[in-house]
Amino acid sequence: MEKAFDKVPRKCIWEALRISEVEPGLIEAIKSTHKSSWNIVRTLNCESRRFGTTQGVRQGGVLSPLLFVIFMNGIINKCSVQSQRTEAGHHRLRSIKVSECIFTDDIALIASSEQALQTNLNIWARELSVNGMTINLNKTKALVISNSPKEINLLLNGNKVEQVKEFECLGVKIDEEGKLQKELDSRIAKTTKLYHSLKKGLLIRKKSVRRQK
């Protein structure tokens with residue numbers, strides 16, 4: 001999503017709290033912490049003029065992550081009911097069907113066909129728009145996991161979504177073959193780099209100790 005924490009309409013947050021059956025008095029108390037919000041941007045030794053904000057959660061606020069999760073939970077519930085689900089596995093002989101995987105403002109939509117994926121994307125785009133949020137087209141990618149290459153024409157508000165052969169989701173690389181070899185190679189490379197970095201530091205310390213002796 002585009003600037004998720006900064007663009008959440010506060011009236012939608014209060015409504016989400018009400019739907020979640022948070023006590024009215026507590027909602028009013030939370031509202032009071034967002035009244036007359038002023039900000040200053042500091043870079044090096046310079047400060048900008050202060051400016052007010054009327055939307056978004058407070059940056060660095062203790063309650064901010066929780067408020068955003070409650071806000072998103074309402075959208076998730078609405079979208080999940082409407083979305084087409086696809087089988088993702090089994091648990092105790094029961095089929096597990098999902099339509100999305102979400103971590104804060106990162107959303108991965110899952111579907112078994114191009115049509116189903118387009119339907120689910122339209123649902124999410126509409127619900128987010130109703131709640132004052134937008135999907136960032138530049139950061140949205142389409143990945144088809146298949147035995148043979150397949151091109152799809154996925155649209156977001158009339159604009160084509162870029163199709164990629166691999167992308168990184170929550171730090172894990174996924175490719176169009178559904179294999180994790182590239183992810184394993186990446187982890188091995190990072191571990192090797194860290195090992196040599198630590199080894200170099202230990203050797204320098206060892207030499208320093210010997211010189212001191």
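Miscellaneous remarks
- Selection within region 105-119 - assigned to a loop (DSSP other than H, G, I, E, B) and under 20 Å from Cys169 (Cβ atoms): Asp105, Ile110, Ala111, Ser112
- Only one of the listed residues (Ile13, Ile30, Ile70) is surrounded by 15 or more Cβ atoms within 10 Å (Cβ to Cβ), within 15 Å of the chain's Cα centre (by Cα) and in the same structural domain as Ala125 (by TED's automatic domain parsing). That residue is Ile70.
- Conditions (1) surrounded by 10 or more Cβ atoms within 10 Å (Cβ to Cβ); (2) of a type in the set (A, V, I, L, M, F, W, C); (3) on the phi > 0 side of the Ramachandran plot; number of the one not met by Cys79: (3)
- Residue satisfying condition, being at pLDDT below 80 and at negative phi, within set Lys165, Lys179, Lys173, Lys160: Lys179
- Selected residue [touching a residue at least 24 places away in the same chain (Cβ under 8 Å) and of a type in the set (Lys, Arg)] from Lys141, Lys173, Lys165, Lys150: Lys141
For every residue, the table says whether it meets (1) exposed (fewer than 10 other Cβ atoms within 10 Å of the Cβ); (2) outside the structural domain of Gly158 (by TED's automatic domain parsing); (3) closer than 24 Å to Leu137 by Cβ.
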| site | (1), (2), (3) |
| --- | --- |
| Val22 | no, no, no |
| Trp38 | yes, no, no |
| Val57 | no, no, yes |
| Thr86 | no, no, yes |
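- Taking region 142-201 as the range and being surrounded by 13 or more Cβ atoms within 10 Å (Cβ to Cβ) and either of a type in the set (Phe, Trp, Tyr) or assigned to a helix (DSSP H, G or I) (or both) as the test, the residues that pass are Phe167, Lys182, Glu183, Ser186, Arg187.
- Taking strands (runs of 3 or more DSSP E) as the structural unit, those lying wholly within region 34-104 and holding at least 1 residues that are at pLDDT 85 or above and touching a His at 6+ places or on another chain (Cβ under 7 Å) correspond to 94-98.
- Region 1-33, subset touching a Ser or Thr at 6+ places or on another chain (Cβ under 9 Å) and assigned to a helix (DSSP H, G or I), residue farthest from Ile135 (Cα to Cα): Arg10
- Criterion (aliphatic (A, V, I, L, M) and more than 25 Å from Gly171 (Cα to Cα)) met by exactly one of Val144, Val130, Val98: Val130
- Number of residues in region 1-19 that are in contact (Cβ under 8 Å) with a residue 60 or more places away in the chain and hydrophobic (A, V, I, L, M, F, W, C) equals 5.
The values are calculated or read from the model by the stated rules, or taken from the named source; none is laboratory data. Values in this document were obtained by computation on a predicted structure and should not be read as measured data. Cβ coordinates were reconstructed from backbone atoms using ideal geometry, including for glycine residues, and neighbour counts include every protein chain displayed.
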